[in-house]
1. Can you tell me the 0 to 90 degree angle between the C-alpha axis of helix 191-201 and the longest principal axis of the chain, rounded to 10?
2. Pairs of alpha-carbon atoms within less than 8 angstrom and 6+ residues apart define the contacts here; what relative contact order does the chain have, in percent?
3. With the other protein chains left in place, how much accessible area per residue, in square angstrom, belongs to the range 319-415 at a 1.4 angstrom probe?
4. May I ask you to compute the full-extension gain from ARG32 to ARG302, defined as 0.36 nm times their residue separation minus their alpha-carbon distance, rounded to one decimal in nm?
5. Go ahead and run the numbers for FRET between ARG244 and HIS183, Cβ-Cβ distance against an R0 of 22 Å, rounding to 0.05.
6. Give me the extension gain from ALA90 to ALA140: residue separation times 0.36 nm, minus the current Cα-Cα distance, reported in nm with one decimal.
7. Rounded, prolate or oblate: which fits the range 119-184 when a ≥ b ≥ c are the square roots of the eigenvalues of the alpha-carbon gyration tensor, with rounded for a/c under 1.5 and prolate only if a/b beats b/c?
8. To test your reading of the geometry: what angle, between 0 and 90 degrees and rounded to tens, separates the Cα axis of helix 70-81 from the longest principal axis of the chain?
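The values are calculated or read from the model by the stated rules, or taken from the named source; none is laboratory data. Every value quoted in this text rests on a predicted model; they were computed, and no experiment measured them. Ideal geometry is used to build each Cβ from the backbone, glycine not excepted, and the neighbour counts take in all protein chains shown. Areas reflect the complete protein model, heavy atoms only, side chains present, ligands, DNA and RNA absent. Shrake-Rupley method; radii C 1.70, N 1.55, O 1.52, S 1.80 Å.
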Amino acid sequence: MSEPISSSLPTRASGPGGVAGPGGVARVRPARDLAGTVRVPGDKSISHRAAMLAAAAGGRVTLEGYAPGRDAASTLACLAALGVAVTRPAADRVVVEGPGIDGWQAPAAPLDAGNSGTTMRLLLGLLATRPFAATLTGDASLCRRPMGRVVEPLRRMGAQIEGRDGGRRAPLRVRGGALRGIHHDSPVASAQVKSALLLAGLFAEGRTSVREPALSRDHTERMLPLFGVPVRRDDLTVAVEGGRPLRAPARVSIPGDPSAAAFYLAAAVLCPGSRVVVPGVGVNPTRIGFLEVLEAMGARIRMRIRDEAASPAGDGPTGPVGEPVADLIAEASDLRAVAVGGELIPRLIDEIPILAVLATQARGTTRIRDAAELRVKETDRLRALAEELRRLGARVDEHPDGLDVHGPTPLRGAACDARGDHRMAMALAVAGLAADGETAIVGAACAAVSDPDFFVNLRRLGAAVDGPDDAAADAVRATGTAADGAIQPEGSASP
């Protein structure tokens, strides 16, 4: 066992969610025999879309299983600032009520998307159709991320959008109005670009279509029929017709987030003698690339399919949201290296950090390519993964669009930096479970951005994890779930 490493801890808390000082430090020690059942938060991608469509449709919609993290709460705060009544009677239940998009009001201040690229890009599509001006901004990390890929086609539709670097960086000021449908050939497979244009197309004249080079997440296309909108798909092209009224269902059920599940599954695979069950997880075909790679690596993982998530009966139209759901079971496994790239990358883009951790313990060299998109996430994840895994003793080669990870390599405890990136924090924690000695992760409380109970759940499974302390994690939670008072607890006066 290595000596305590307090003196060598990085002091930076760089980027969104980073928490400086001891309050943001998690200490992880080697683990084995992890066992139990973990329920993950509701799917973050689906939560964003369900809230926006509910607010645009109008009426009263209950969102069951809404994601508890800060990113999904940023969407609720922005909708509240547009005059939509948002209440949260429970951590995983949200009620959205209002007159619909025609009743949205010009916001009195810039809309703060926090660290959520989904909030900014999808809401930009909806705001481009409104006859008022609004400004979208976010934290320092979000304001560095590329927005031109959404701004350019929205301008072609008729939206007036200004921003830094010619509209390629936030803050963005949009003045919407009458839009016309277009066809857009997207140079990248991006669910956010596709969804922003489809949402704008709902209120544009004529047909709006998007073609991708590979299929990205299709949650928007699957959800639109629940709100009364037919969707046409022809291979990699998806289209909607403008002018169709949205019809709000009474209730939408949101399955568990497969990206959150990935970290617990990986912990079970890496730690000897472990078996972990994650029930009720969304297994949309565009989201299970990680599970397919786990199987290719030889991991012992099973999927028990349930029925598709559905909206329980209530007032207004109800029905399936088109998202298959399964219980996932993972056990300790010996792994072999794989090559990952091409059309598989959009289907596991958020899981590459934990895939790189698994690769350190796989026989051979795991090659990850075509993942340059990771350089414009919450941090440059390719560089961050290479540097932080090397701290733990991993052998990693960095490439412009990916990584080579050589294994199996014994990991050793070290001081690491989450760099304000929630997926880095969770990936490094799982790596620490497989390392010899103590691993300390600075800024670990940012895991609460997507999974507020991540470290609590690891302890429940039997992992030896100390911190991050409750105050640090609560600070991250509070910036989202409270949303500066914009989101009202049930029984409070709505704005």
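1. In the chain, helix 191-201 runs at an angle near 10 degrees to the longest axis.
2. Taking the mean separation of contacting Cα pairs over the length of the chain, I get 23 percent.
3. Value returned for the range 319-415: 34 Å² of accessible area per residue.
4. 95.2 nm
5. The formula returns an efficiency of 0.75 here.
6. Result for the pair: 15.0 nm of gain on full extension.
7. prolate
8. 20
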